[in-house]
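Notes for the one structure printed next.
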Ligand code: GDP
Ligand code: MN
């Protein structure tokens, strides 16, 4: 199997040193959460899961970002729960709002049409600003600049299993740039012209496309059409330098000018996913089978029983989404030519 080389073992054995309380040198990494003050009670549950299952041993930093000021209540509660250094940042106006080339009347008409079609978040302005921010700006925030790796955490998520090794060092040692737990098919009405824009970008910037990329995971006809597969970005463990790269910043700027964040409802998940799949060689994208995770309504529950027992998982294996029909992860295994965990067929 992939990712079980010698270096991977180093990140895993390093846990012992942490448990013994010896001086532990962390990777250059942080958790990052975008939230509003009113998200506090959904967020405390996520934080408890992350601390109990992982961070109580490692004490990584946590950066909170908001388009508004965080209030004292939010800061007091979050900082009391987190075992690492906590930082709070306010997003600058340029990163949360309409760029000047966007026709706001046209955007409003689209929202009304999407409201009538009952497209999820179709009528929301703030959701669009959020998706554009997560696509183009989270990694540019002042508080994020000094870090190399991040783990994105949202309100109301569950970690179902212990994460019993330093995942950031694991990313570093295996030279992974993007890690995911869930992947699925996107709702096409939110991104009808995204793939056309991607194809235009590829024509303009062929130099950004990696050899040995994951195009086969995105497309069944070698790039003519998009099969809608994307990594679910509410969970990401990644390398910030990838988002800061020329390839990605060119890509985001191009998409931003296409207008689809406002004239459609492009999500940061397909945008991140298409970039990771095309600009990275495929061996830099890692699937965390062992991180038991839930974000409504999907679960990643480690496929093999031995892993679930070892990691003290609380998930019902029947709920594992990974091998089900709407998951794009089986396709990822095929493109990667990876062997599936031995018990996968019990959950399909
Ligand atoms: P969903 O998972 O797609 O249903 O979207 P969420 O409601 O979970 O939002 C995604 C992330 O963005 C979460 O971390 C939210 O806390 C955050 N978020 C969403 N809208 C806003 C907003 O208007 N302001 C701020 N500061 N955070 C937001
Ligand atoms: Mn969410």
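No value in this document is a laboratory result; all are computed from the given coordinates. Just so you know, these numbers come straight off a predicted model, no measurement behind them. With ideal geometry, Cβ positions are generated from the backbone for all residues, glycine too; neighbour counts draw on all protein chains shown.
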Pick from region 152-167, criterion in a loop (DSSP other than H, G, I, E, B) and within 20 Å of residue 307 (Cβ to Cβ), ranking: nearest to ligand 1 (Cβ to nearest atom): 157
Residue within region 54-73 that is farther than 30 Å from residue 173 by Cβ, in a helix (DSSP H, G or I), touching a helix residue (DSSP H, G or I) at 6+ places or on another chain (Cβ under 8 Å) and more than 16 Å from ligand 2 (Cβ to nearest atom) present: yes
Qualifying residue in region 55-62 (condition: more than 12 Å from ligand 1 (Cβ to nearest atom), crowded, with 18+ Cβ neighbours inside 10 Å and within 24 Å of residue 245 (Cα to Cα)): yes
All positions within region 197-250 that are in a helix (DSSP H, G or I), touching a helix residue (DSSP H, G or I) at 6+ places or on another chain (Cβ under 7 Å) and farther than 19 Å from residue 179 by Cα: 197, 198, 201, 208, 250
Some residue of region 168-185 being part of a loop (DSSP other than H, G, I, E, B), surrounded by fewer than 18 Cβ atoms within 10 Å (Cβ to Cβ) and within 16 Å of ligand 2 (Cβ to nearest atom): no
Given (1) farther than 20 Å from residue 31 by Cβ; (2) within 16 Å of ligand 2 (Cβ to nearest atom); (3) buried (at least 18 other Cβ atoms within 10 Å of the Cβ), index of the condition residue 122 fails: (2)
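Against the definition (more than 24 Å from residue 107 (Cβ to Cβ) and crowded, with 17+ Cβ neighbours inside 10 Å), how does residue 240 come out, yes or no?
yes
If a residue must be more than 13 Å from residue 90 (Cα to Cα) and within 13 Å of ligand 1 (Cβ to nearest atom), how many such residues does region 33-54 contain?
Total satisfying the criteria: 10.
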Residues (surrounded by fewer than 23 Cβ atoms within 10 Å (Cβ to Cβ) and within 14 Å of residue 209 (Cα to Cα)) located in region 249-274: 249, 250
Cβ-Cβ under 8 Å pairs, at least 6 apart or on other chains, region 113-135 side at positive phi, far side in a loop (DSSP other than H, G, I, E, B) and more than 8 Å from ligand 1 (Cβ to nearest atom): 121/265
Count of residues meeting criterion [over 30 Å from residue 222 (Cα atoms), touching a residue at least 24 places away in the same chain (Cβ under 8 Å) and surrounded by fewer than 21 Cβ atoms within 10 Å (Cβ to Cβ)] in region 287-306: 4
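Could you check region 251-277 and list, in sequence order, the residues that are within 16 Å of ligand 1 (Cβ to nearest atom) and assigned to a helix (DSSP H, G or I)?
Answer for region 251-277, where residues must be within 16 Å of ligand 1 (Cβ to nearest atom) and assigned to a helix (DSSP H, G or I): 261, 262, 268, 269, 270, 271, 272, 273.
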Matching residues in region 76-119 - criterion: being assigned to a loop (DSSP other than H, G, I, E, B), touching a helix residue (DSSP H, G or I) at 6+ places or on another chain (Cβ under 9 Å) and exposed (fewer than 12 other Cβ atoms within 10 Å of the Cβ): 101, 117
Residue that is over 25 Å from residue 31 (Cβ atoms) and either away from ligand 1 (no atom under 16 Å from the Cβ) or surrounded by fewer than 21 Cβ atoms within 10 Å (Cβ to Cβ) (or both), where the choices are 284, 310, 324: 324
Residue 344 within 16 Å of ligand 2 (Cβ to nearest atom) and either closer than 18 Å to residue 226 by Cα or touching a residue at least 12 places away in the same chain (Cβ under 8 Å) (or both): no
Failed item in (1) at negative phi; (2) within 16 Å of ligand 1 (Cβ to nearest atom), with residue 109 passing the rest: (2)
